[in-house]
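The values are calculated or read from the model by the stated rules, or taken from the named source; none is laboratory data. Please read all numbers here as calculations on a predicted model, not as lab measurements. Please note: Cβ atoms are built from the backbone with ideal geometry, for glycine as well, and neighbour counts cover all protein chains shown. Side chains included, ligands, DNA and RNA excluded: accessible areas come from the protein's heavy atoms. Shrake-Rupley method; radii C 1.70, N 1.55, O 1.52, S 1.80 Å.
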Amino acid sequence: MLDPASLYSYEGERPSLVEPPLVLALNGFIDAGNAVRQTVDHLLATCRHEVVATFDVDQLHDYRARRPTMTFGGQNWVDYEPPRLQLHLLHDEEGSSLLLLTGPEPDVQWERFTAAVWRLADELGVGLTMVLSAAPTAVPHTRPSGVTASASRPELLEGYRTWDVEAQVPGHAAALVHLRGSQAGRDVVSVLAHVPHYLGSSDYPDAAAVLVRTISGATGVAIPVESLQEAASSTRVEVDRQVAESPEAAAVVTALEEQYDAFGDEGRGTGAASAFLPTADELGEEFERFLAKREEDAGEE
């Protein structure tokens with residue numbers, strides 16, 4: 001492995017911090033409803049922040065798989081938006097702070113990237129590390145979003161719901177960071193926000209709001225969430241309007257509501273509710289027309 005320390009550089013002097021929490025929020029995988037992206041945008045918009053360190057993205061990014069945006073001004077190329085993978089230091093109004101590592105998930109050199117993350121964490125004295133993600137789940141938009149969590153030790157899961165199942169899933173860099181941290185005895189919590197299946201490809205600010213509240217609760221950093229709550233209310237009103245126009249969609253939402261009310265937002269259930277609940281594939285097909293109509297209406301507006 002190439003030297004992990006050469007994969008990043010500090011912007012100015014290294015800050016002196018006392019066990020700051022680290023939030024890892026990579027984009028590119030497991031971000032249903034764009035909840036992680038919205039969370040990052042909200043944190044950077046509402047908290048004072050500065051860049052602490054920058055990763056050498058050229059060594060990590062597949063430009064042909066995820067092409068950056070360039071602007072042509074009519075007679076010449078005038079702008080380029082390079083991918084950035086950066087560590088930010090955020091401050092709330094009360095003087096508390098946290099570190100936020102965000103940017104595109106590396107396409108290559110995962111082990112080296114993971115080693116670099118933990119080297120940075122050691123250099124900055126990180127205490128708790130929190131990894132964010134969001135997944136489509138069999139929950140209705142008419143009920144509050146929830147989260148499930150996994151952690152490097154049971155004590156860190158107090159107050160969180162967990163999914164006690166074993167499964168093999170496609171790997172991703174954030175999960176590898178968690179795994180290597182857990183193996184090294186570090187405090188790591190991964191938080192997965194729940195997003196309705198049928199809104200997984202649309203912005204779902206309710207899930208972002210619950211991620212922000214979860215970060216605040218775990219780190220003690222005061223982060224305002226009102227703007228996300230307002231956006232969530234607007235989204236709920238719009239989806240309600242669209243669902244009301246489709247008896248098929250309304251029936252699915254009703255079944256999801258019955259399951260949620262009986263068993264919570266774990267996406268499982270038995271009895272009367274599940275008897276009428278479609279499979280994930282059926283759910284996707286059922287809402288295909290609904291989402292297509294929503295896009296058409298947005299285009300007309």
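The table below gives the values:
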{"quantity": "Count of region 129-162 residues which are within 18 Å of the chain's Cα centre (by Cα) and in contact (Cβ under 8 Å) with a residue 24 or more places away in the chain", "calculated": "22"}
{"quantity": "Yes/no for residue 91 being touching a Cys at 6+ places or on another chain (Cβ under 8 Å) and surrounded by 14 or more Cβ atoms within 10 Å (Cβ to Cβ)", "calculated": "yes"}
{"quantity": "Single condition residue 235 does not satisfy, out of (1) open to solvent by less than 40 Å² (accessible area, probe 1.4 Å); (2) closer than 21 Å to residue 146 by Cβ; (3) over 22 Å from the mean Cα position of the chain (by Cα)", "calculated": "(3)"}
{"quantity": "Criterion violated by residue 24 - all others in (1) at positive phi; (2) surrounded by 13 or more Cβ atoms within 10 Å (Cβ to Cβ); (3) at pLDDT 95 or above satisfied", "calculated": "(1)"}
{"quantity": "Residue satisfying condition, being modelled with pLDDT under 95, surrounded by fewer than 13 Cβ atoms within 10 Å (Cβ to Cβ), at positive phi and not hydroxyl-bearing (Ser, Thr, Tyr), within set 185, 271", "calculated": "271"}
{"quantity": "Any chance residue 161 is modelled with pLDDT under 95, open to solvent by 30 Å² or more (accessible area, probe 1.4 Å) and of a type in the set (Lys, Arg)", "calculated": "yes"}
{"quantity": "Residue 79 in a loop (DSSP other than H, G, I, E, B), out of contact with any His (no Cβ under 9 Å at 6 or more places or on another chain), more than 30 Å from residue 198 (Cβ to Cβ) and open to solvent by 10 Å² or more (accessible area, probe 1.4 Å)", "calculated": "no"}
{"quantity": "Single unsatisfied condition, residue 9 versus (1) crowded, with 19+ Cβ neighbours inside 10 Å; (2) in a strand (DSSP E or B); (3) small (Gly, Ala, Ser)", "calculated": "(1)"}
{"quantity": "Lone unmet requirement of (1) within 30 Å of residue 135 (Cα to Cα); (2) open to solvent by 60 Å² or more (accessible area, probe 1.4 Å); (3) outside any loop (DSSP other than H, G, I, E, B); (4) not aromatic (Phe, Trp, Tyr) for residue 19", "calculated": "(3)"}
{"quantity": "Answer from 36, 52 - the residue that is modelled with pLDDT of 95 or more, in a helix (DSSP H, G or I) and surrounded by 22 or more Cβ atoms within 10 Å (Cβ to Cβ)", "calculated": "36"}
{"quantity": "Exclusive hit being touching a helix residue (DSSP H, G or I) at 6+ places or on another chain (Cβ under 6 Å), of a type outside the set (Phe, Trp, Tyr) and at negative phi, set 150, 145", "calculated": "145"}
{"quantity": "Residue match in region 163-180 (condition: of a type in the set (S, T, N, Q) and in contact (Cβ under 8 Å) with a residue 12 or more places away in the chain)", "calculated": "no"}
{"quantity": "Positions within region 105-124 being part of a helix (DSSP H, G or I), in contact (Cβ under 8 Å) with a residue 24 or more places away in the chain and surrounded by fewer than 17 Cβ atoms within 10 Å (Cβ to Cβ), in sequence order", "calculated": "111, 119, 123"}
{"quantity": "Yes/no for residue 209 being open to solvent by less than 70 Å² (accessible area, probe 1.4 Å), modelled with pLDDT of 90 or more, outside any helix (DSSP H, G or I) and closer than 29 Å to residue 159 by Cα", "calculated": "no"}
{"quantity": "Subset tally (residues that are among the hydroxyl-bearing types (Ser, Thr, Tyr), open to solvent by 30 Å² or more (accessible area, probe 1.4 Å) and not in a strand (DSSP E or B)) for region 125-151", "calculated": "1"}
{"quantity": "Residue within region 198-206 that is free of Cβ contacts under 8 Å to residues at least 40 places away in the same chain and either surrounded by 15 or more Cβ atoms within 10 Å (Cβ to Cβ) or outside any helix (DSSP H, G or I) (or both) present", "calculated": "no"}
